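Okay, so here's the structure we're looking at.
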Amino acid sequence: MQTMIFAAGLGTRLKPLTETMPKALVRVGGMPLLAYVIRKLTKAGCSRMVVNVHHFADQITDYLETHDFGVKILVSDETERLLDTGGGIKRAALLFDRYQPVLVHNVDILSNVDLAGFYRHASMSEADVLLLVSHRITQRYLIFDKRMRLAGWTNVATGEVKSPHQAIRRLHFVSPEVGTYCQNNCFLCAFSGIHVLSPSAVQAVEAEQDDVFPIMDFYLSHCGRMEIHGELKTDLQLVDVGKLNTLQAAEDFIVNSGHQVSRAED
């Protein structure tokens, strides 16, 4: 199992904390977010990780050099230029085993996902990309057809729809009521920030002409010709540690899941 952790972001929504440190090293439950994700991936059987860095990159590299997680961790350096998520995968492609799928995980996502099971399912499926999704209430949803194949994206607050399919672009989606996520013969699901790319999908990202682009834009522009599917997790527990007001929820999640550590451990 190989993975990539997105840790290069500026973390602007976590200011003032991120004025002196990268988001990846913001502490919750007694340890940095990066350590929590690495430990979760290691327990899932990951033997090779790539971590991209940009904002306070030296702090992350120093942290990785002084902490032994028992797994090979490679650094993809974006110090000179932040490449966004798609560009980050493109830059890191040379560090992957080209014959194995890559599980991509945002550093600011805490969840109860069985990552080993998700990776195994993605590896056995015929999908080029498998996106972990849920029925979480949000403003931005991915649009899937009846086969759970990606068909587009919508912001239900603004009415914006992105899709390579003209029929989807003509539709108007509204915020789902609790328990009702099917509209216009489509399923609306929230993305978790966790996805698996097949070796061919990584090669397709690597072949993109642009160096800076969001991976979701890549998925939306290619979903008409690539098999990009969603896997729905109905019991998903997830905390997106993106804002200061989510830190307490993250603390509570880690304590309740038994992942907090002592100072001696970290």
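Around the Cα centre of the stretch 121-230, unit charges on the Cβ atoms of Lys, Arg, Asp and Glu (plus for the first two, minus for the last two) sum to a dipole of about 500 debye.
For the chain, the longest principal axis of the C-alpha atoms and the axis of helix 115-124 are separated by about 50°. Residue ranking by accessible heavy-atom surface, 1.4 Å probe, largest first, among Tyr119, Tyr219 comes out as Tyr119, Tyr219. When the alpha-carbon atoms of the stretch 16-130 are used, the pair Rg, Dmax equals 14.4, 44 angstrom. Within the listed set Leu171, Leu188, Leu236, the residue fluctuating most in the Gaussian network model of the chain (springs between alpha-carbon atoms under 10 angstrom) is Leu171. Taking every C-alpha pair closer than 8 Å and separated by at least 6 residues, the mean separation divided by the residue count of the chain gives a relative contact order of 26 percent.
Looking at the stretch 172-236, the accessible area is 46 square angstrom per residue; that uses a 1.4 Å probe and ignores ligands, DNA and RNA.
Ignoring lysines fewer than eight residues from Lys43 along the same chain, the ones with Cα atoms less than 24 angstrom from its Cα are Lys23, Lys72, Lys233. Could you work out the local net charge near Gly86, counting Lys and Arg as +1, Asp and Glu as -1, over the other residues with Cβ closer than 14 Å to its Cβ? That sum, taken over residues with Cβ under 14 Å, equals -4.
Which whole-number percentage describes the relative contact order of the stretch 89-212, with Cα contacts under 8 Å and a sequence gap of 6 or more? With pairs under 8 Å counted, the relative contact order is 40 percent.
Between Thr20, Thr85, Thr61, the residue with the greatest mean-square fluctuation in the GNM of the chain (Cα pairs under 10 Å linked by springs) is Thr20. Computed from Cα atoms, the angle from the helix 33-43 axis to the main principal axis of the chain rounds to 80 degrees.
Simple rule: put +1 on each Lys or Arg Cβ and -1 on each Asp or Glu Cβ in the stretch 34-177, find the dipole, and look at Ile38, Ala151, Ile73; the Cα lying farthest toward the positive end is Ala151. The charge dipole of the chain, taken about its Cα centre with unit charges on the Cβ atoms of Lys, Arg (+1), Asp and Glu (-1) only, comes to about 620 debye. Using the alpha-carbon atoms, what tilt in degrees (0 to 90, nearest 10) does helix 247-257 show relative to the longest principal axis of the chain? In the chain, helix 247-257 runs at an angle near 80 degrees to the longest axis.
With the alpha-carbon atoms of the chain aligned to their principal axes, the span from lowest to highest coordinate is 55, 39, 34 Å, starting with the largest. Here the extension length gained between Arg98 and Thr20 equals 24.5 nm, from 0.36 nm per residue of separation less the Cα-Cα distance. Centre-to-centre separation between the Cα atoms of the stretch 212-226 and those of the stretch 31-91: 24 Å.
Site pair Gln248 and Gln139 shows an inter-label distance of 2.3 nm when each label is modelled 7 Å from Cα along Cα→Cβ.
When the GluC sites (Glu not before Pro) in the stretch 47-122 are filtered for DSSP coil states and for at most 12 other beta-carbon atoms within 10 Å of their beta-carbon, the remaining sites are Glu80.
Computing Rg and the Kirkwood Rh from the Cα coordinates of the stretch 1-52 gives a ratio, Rg/Rh, of 1.02.
Please give me the summed charge of the neighbours of Asp217: other residues whose Cβ is under 14 Å from its Cβ, Lys and Arg +1, Asp and Glu -1. The answer is -2. Comparing Ala157, Ala250, Ala57 in a Gaussian network model of the chain (Cα springs below 10 Å), the most mobile by mean-square fluctuation is Ala157.
Of the solvent-accessible surface of the stretch 50-201, computed with a 1.4 Å probe and all protein chains present, 49% belongs to carbon and sulfur. At a probe radius of 1.4 angstrom, the accessible area of the stretch 106-169 per residue rounds to 46 square angstrom.
The values are calculated or read from the model by the stated rules, or taken from the named source; none is laboratory data. Since the structure is predicted, the reported quantities are computational estimates derived from the model, not experimental observations. With ideal geometry, Cβ positions are generated from the backbone for all residues, glycine too; neighbour counts draw on all protein chains shown. Calculation scope for accessible area: heavy atoms of the full protein, side chains included, ligands and nucleic acids excluded. Shrake-Rupley method; radii C 1.70, N 1.55, O 1.52, S 1.80 Å.
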